[in-house]
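Undergrad: My structure is below; once you've seen it, I'll send some questions.
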Amino acid sequence: DAVRVEIGDAALLYISGATPIDDDGNLVGDTMLEQTRQVLRRLKRVLDDQGATFADIVRVRVFVTDISPEALRQVHAARNEVFPADARPASTLVQISGIIREGGMVEIDADAVIPLSR
């Protein structure tokens, strides 16, 4: 799910794209908000495993199938629940025709910088 590279006093963590599925591969959520929350839960598991937090994420790439104002509000609402207001990552958002999971509306990958001195 991720590649970790230690350089000096920090580790760079490159997290693969996460989709809105559960541990059994089932799609979670019918709305952009629910699916984005599930994707962020999956990212959190990787961060937890690596001793990192959402505050360590410096860049995200968000791929969505719907860029309507309501869908974007839902994506941002879910992101605002987990990213500290003073540590929001650089972000790219791109509309795509679909993701690997039928019915999936969002996929997010992320890069983090983890201080090794913690």
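Undergrad: For the range 84-118, enumerate the residues that are farther than 16 Å from residue 35 by Cα and either within 10 Å of the chain's Cα centre (by Cα) or without any contact (Cβ under 8 Å) to a residue 24 or more places away in the chain (or both).
TA: Listed by number, the residues that qualify are 85, 86, 88, 110, 111.
Undergrad: Regarding residue 29, is this residue of a type in the set (Gly, Ala, Ser), surrounded by 15 or more Cβ atoms within 10 Å (Cβ to Cβ) and more than 15 Å from residue 15 (Cα to Cα)?
TA: yes
Undergrad: Quick check on this structure: which one of 110, 85, 55, 78 is buried (at least 18 other Cβ atoms within 10 Å of the Cβ), outside any strand (DSSP E or B) and at negative phi?
TA: After ruling out the rest, the residue left standing is 78.
Undergrad: Now for a different question. Of the numbered conditions (1) over 20 Å from residue 1 (Cα atoms); (2) open to solvent by less than 50 Å² (accessible area, probe 1.4 Å); (3) of a type outside the set (Ser, Thr, Tyr), residue 70 fails exactly one; give the number of that condition.
TA: Every listed condition holds for residue 70 apart from (2).
Undergrad: Can you tell me which residue among 97, 91 is at pLDDT 95 or above, of a type in the set (Ser, Thr, Tyr) and either surrounded by 15 or more Cβ atoms within 10 Å (Cβ to Cβ) or part of a strand (DSSP E or B) (or both)?
TA: It is 91.
Undergrad: On to the next question. Quickly run through the range 58-69 and pick out the residues that are of a type in the set (Gly, Ala, Ser) and part of a helix (DSSP H, G or I).
TA: Across the range 58-69, there are no qualifying residues.
The values are calculated or read from the model by the stated rules, or taken from the named source; none is laboratory data. These figures come from a predicted structure and were not determined experimentally. So basically every Cβ, Gly included, is an ideal-geometry build from the backbone, and we count neighbours across all protein chains shown. Ligands, DNA and RNA are excluded from the accessible area calculation, which covers all protein heavy atoms including side chains. Shrake-Rupley method; radii C 1.70, N 1.55, O 1.52, S 1.80 Å.
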